[in-house]
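All remarks here apply to the structure that follows.
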Amino acid sequence: MPEKILCIEDEALLLEDIVEELQDAGYQTLKAANGKEAIETLKYETVDLILCDIMMPLVDGPTTLKLVRERLPQHDEVPFIFLTAKSTREDILVGKKMGVDDYLTKPIDYDLLLATIKARLSQVHRIKETNEARLKRIYNALKENHAKEPLSIALVAPSYKYVKPIEQALMDLGCLVEFIQEEHLSVRRDAVEKNDLVFLVYSKIVHYYLTGLINTQTTHGRGKMVLLNKGNIEKTLRDAFVDLGIGQIIDYPYPPVAIFKAILEATQNKS
């Protein structure tokens, strides 16, 4: 399937030219006239790369990049390329610190544009292939370990739909899995004690539960907890949880490699 590229540009004629060049090169395209439109699009669409003008009305390029990285974690690994008529050292440094992957200057050299896109997408594919290979190795190690004794795991979330894909993957590995609704967590403290590992989707209820453990200086089972973060844990709180031995924090969209690594570590600790 052709890669999909989101083009964000407020100059209508230039936007059409860019889209035409990309489509001629075999890419799928989405269009947005400013960052506000782009953010709305990215809430519902999955893309492989983002081209974004810097100077735009309503929401400019740097603000768009900031909002994508902070509020749309499902697009964290999507390459982001600025299109700009300004390419001073200071502009580039600001963009790099914010997480932009590349710059292309206007007027656009379309040969350079296509070469840059191809290079960035190739890099993403290499990373994906590397992660898939790592995932396969971890999966095989888990299958081998679980053949001896299954790992018991609890999944805590507001609703079953949040953890259904994770549950299926764990069951495929031979784990014993139970789902616990977060409102039952206060009366199911045994979930931490009796299970080898507990995944908790972070929420207000989970927050109060964890801070209760901290305030009462409860230490038993903390290291067996893994927080699944949808993007609402502030850095200071994240650091506090880690320092207090709560366990790991895995950010949305909860990469399988990270999930399986947590399980593998629990398996090794159990043995």
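The values are calculated or read from the model by the stated rules, or taken from the named source; none is laboratory data. Every value quoted in this text rests on a predicted model; they were computed, and no experiment measured them. Neighbour counts are summed over all protein chains in view; Cβ atoms, including those assigned to glycine, are modelled from backbone coordinates with ideal geometry.
Some values worked out for this structure:
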{"quantity": "Check on ILE205, within 30 Å of ARG69 (Cβ to Cβ), touching a helix residue (DSSP H, G or I) at 6+ places or on another chain (Cβ under 7 Å) and either part of a helix (DSSP H, G or I) or at pLDDT 70 or above (or both)", "calculated": "yes"}
{"quantity": "Scope the range 214-266; condition polar (S, T, N, Q) and either assigned by TED's automatic domain parsing to the domain that holds GLU70 or at pLDDT 75 or above (or both); matching residues", "calculated": "ASN229, THR236, GLN248"}
{"quantity": "Any hit, the range 45-55, residues being surrounded by fewer than 17 Cβ atoms within 10 Å (Cβ to Cβ) and touching a Gly at 6+ places or on another chain (Cβ under 8 Å)", "calculated": "yes"}
{"quantity": "In the range 148-162, residue surrounded by the fewest Cβ atoms within 10 Å (Cβ to Cβ) [restricted to those that are in contact with a helix residue (DSSP H, G or I) (Cβ under 8 Å, 6 or more places away or on another chain) and either acidic (Asp, Glu) or part of a loop (DSSP other than H, G, I, E, B) (or both)]", "calculated": "GLU149"}
{"quantity": "Those residues of the range 12-54 which are part of a strand (DSSP E or B) and not β-branched (Val, Ile, Thr), in sequence order", "calculated": "GLN28, LEU30, LYS31, ALA32, LEU49, LEU51, CYS52, ASP53"}
{"quantity": "Filter result (free of Cβ contacts under 8 Å to residues at least 24 places away in the same chain and of a type in the set (S, T, N, Q)) within the range 16-43", "calculated": "GLN23"}
{"quantity": "Test: residue in the range 8-15 that is without any contact (Cβ under 8 Å) to a residue 40 or more places away in the chain, in contact with a strand residue (DSSP E or B) (Cβ under 7 Å, 6 or more places away or on another chain) and not polar (S, T, N, Q)", "calculated": "yes"}
{"quantity": "Any hit, the range 161-180, residues being under 19 Å from LEU264 (Cα atoms) and polar (S, T, N, Q)", "calculated": "yes"}
{"quantity": "Restricting the range 57-91 to residues that are part of a strand (DSSP E or B) and at pLDDT 85 or above, the residue that is nearest to the chain's Cα centre (by Cα)", "calculated": "PHE80"}
{"quantity": "Contacts under 7 angstrom Cβ, first residue in the range 160-188 being assigned by TED's automatic domain parsing to the domain that holds VAL206, partner among the basic types (Lys, Arg) and assigned to a loop (DSSP other than H, G, I, E, B), 6 or more apart", "calculated": "ILE180/ARG188"}
{"quantity": "When residues of the range 163-198 are limited to those that are assigned to a loop (DSSP other than H, G, I, E, B) and over 16 Å from PRO150 (Cα atoms), the one modelled with the highest pLDDT", "calculated": "VAL163"}
